[in-house]
Amino acid sequence: MPSMKPFIAWLTAKGDELHLRVDDHWSVGYEVCFYRDMIHAFGLDGSRGIRKKQNADTGQDYMPKRTFDLALFHPKHIVIIEAKAQQGLDRKQLAAFARDEQDIRALLASMGRSAPMVHTVLLAKDHYVRSPKGLAKDPPFKAAFSWKEIGGNAQDWGADARALAAFDRAEAVK
């Protein structure tokens, strides 16, 4: 796999709150069901099931069916990228992303693991990312970028023709 350094450097520049480590210690996950998979793999409170597992700080149950489109993992950071091609985000979805940052850190801490910084980032159509009323500008996202932007840079990062065409198609979805 090619180095992710150029992409990580570019992503860091997209958000004032993103201070990512630009090194080769990154891994990628697609369609990551974080809470369920983490608890199943390592256990929590004596079991490997997610039912009735709670964030000790908030007392709320972890969201069992939460799936992240793309996640970047580093010993010091987790970057969750929500990818949208057609529709935007509603308030309920925004609230879930705000909660994810807290819940992921709490889950890792309750498992005795170091809690990296958690960052949520939005990947959406250019007009949505740039719109004055677009929800992309609201918290909880630390940064937002478009399919058009990533497509314009991806060739420099070693993307092939199929990947470039996929970025163009996502931007063109009506």
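For segment 1-136, compute Rh as the Kirkwood radius over C-alpha pairs and then the Stokes-Einstein diffusion coefficient at 20 °C and 1.002 mPa s; write the answer in µm²/s, rounded to an integer. Please report the intermediate quantities before stating the final value.
Values: Rh = 16.1 Å.
Estimated diffusion coefficient is 133 µm²/s.
For segment 28-101, what does the relative contact order come out to in percent, with C-alpha contacts under 8 Å and a separation of six or more? Walk me through the numbers before you get to the answer.
Values: 80 pairs, mean separation 21.5, N = 74.
Taking the mean separation of contacting Cα pairs over the length of segment 28-101, I get 29 percent.
Assuming R0 = 35 Å, what is the FRET efficiency of K76 and K174, from their Cβ-Cβ distance, to the nearest 0.05? Display every interim value, and only then the final one.
Working: r = 39 Å, r/R0 = 1.13.
The calculated FRET efficiency here is 0.35.
What relative contact order, as a whole-number percentage, does the chain give when Cα pairs under 8 Å and 6 or more residues apart are counted? The partial results should precede the final answer.
Details: 264 pairs, mean separation 34.6, N = 174.
Reported as a whole number, the value is 20 percent.
For the chain, modelled as a GNM with alpha-carbon contacts under 10 angstrom, which of W26, W147, W157 fluctuates the most?
Largest GNM mean-square fluctuation: W157.
Need the list of lysines near K14 for cross-linking: C-alpha distance under 26 angstrom, and skip anything on the same chain fewer than eight residues off.
Within the straight-line limit of under 26 Å, K14 reaches these lysines: K5, K76, K84, K92, K125, K133, K137, K142, K148, K174.
If H19, H119 are ordered by their accessible area, calculated over protein heavy atoms with a 1.4 Å probe, which sequence runs from highest to lowest? Please list the in-between numbers first.
Working: H19 130, H119 5 Å².
Accessible-area ranking of H19, H119, largest first: H19, H119.
In the neighborhood of R36, defined by Cβ-to-Cβ distances under 11 Å, what is the net charge if each Lys or Arg adds +1 and each Asp or Glu adds -1?
On the way: positive: R48, R51, K53, K65, R66; negative: D37.
Spelling it out: positives minus negatives among the neighbours equals +4.
How much of the accessible area of segment 35-96, probe 1.4 Å, is carbon plus sulfur, in whole percent? Each step should come with its number before you reach the end.
Details: 1800 of 3650 Å².
Heavy-atom surface of segment 35-96 belonging to carbon and sulfur, 1.4 Å probe: 49 percent.
Can you work out ³J(HN,Hα) from phi for every residue in segment 162-174, in order, using Karplus 6.51 cos²θ - 1.76 cosθ + 1.60 and θ = phi - 60°, giving whole Hz and x for Gly and Pro?
For segment 162-174, the Karplus curve yields 5, 5, 4, 5, 5, 5, 4, 5, 4, 5, 8, 4, 9 Hz.
Springs between alpha-carbon pairs under 10 angstrom, Gaussian network model over the chain: which of G15, G46, G112 fluctuates most?
Checking each option, the largest mean-square fluctuation is seen for G46.
Out of segment 1-99, which GluC sites (Glu not before Pro) are coil in DSSP terms and have no more than 13 other C-beta atoms within 10 Å? List each step's numbers first, then the result.
On the way: sites: E17, E31, E82; in loops: E17.
The qualifying sites are E17.
Between R130 and K14, with labels modelled 7 Å along Cα→Cβ, what's the label distance in nm to one decimal, could you check?
Here the answer is 1.6 nm between the modelled labels.
Counting only DSSP beta bridges with both residues in the chain, what percent are antiparallel, rounded to the nearest 5? Mind dumping the intermediate values first?
Values: 12 of 23 bridges.
Beta bridges within the chain, antiparallel portion: roughly 50 percent.
Give the accessible surface of the chain per residue, rounded to a whole number of Å², with probe radius 1.4 Å and ligands, DNA and RNA excluded. Working shown, then result.
Working: 9760 Å² over 174 residues.
About 56 Å² of surface per residue is accessible.
Only Cα pairs within less than 10 Å get springs; with that Gaussian network setup on the chain, which residue of P140, P116, P75 has the largest fluctuation?
Fluctuation is largest for P75.
Let's test the formula: R0 of 35 Å, r as the Cβ-Cβ distance of R91 and K52. What FRET efficiency results, to the nearest 0.05? Can you show the working numbers first?
On the way: r = 27 Å, r/R0 = 0.77.
Between R91 and K52 the formula returns 0.85.
The values are calculated or read from the model by the stated rules, or taken from the named source; none is laboratory data. Just so we're clear, the structure is a prediction, and the values are computed from it rather than from any experiment. Backbone-built Cβ (ideal geometry, glycine too); neighbour counts: all protein chains shown. Keep in mind that these areas ignore ligands, DNA and RNA; they rest on the heavy atoms of the full protein, side chains included. Shrake-Rupley method; radii C 1.70, N 1.55, O 1.52, S 1.80 Å.
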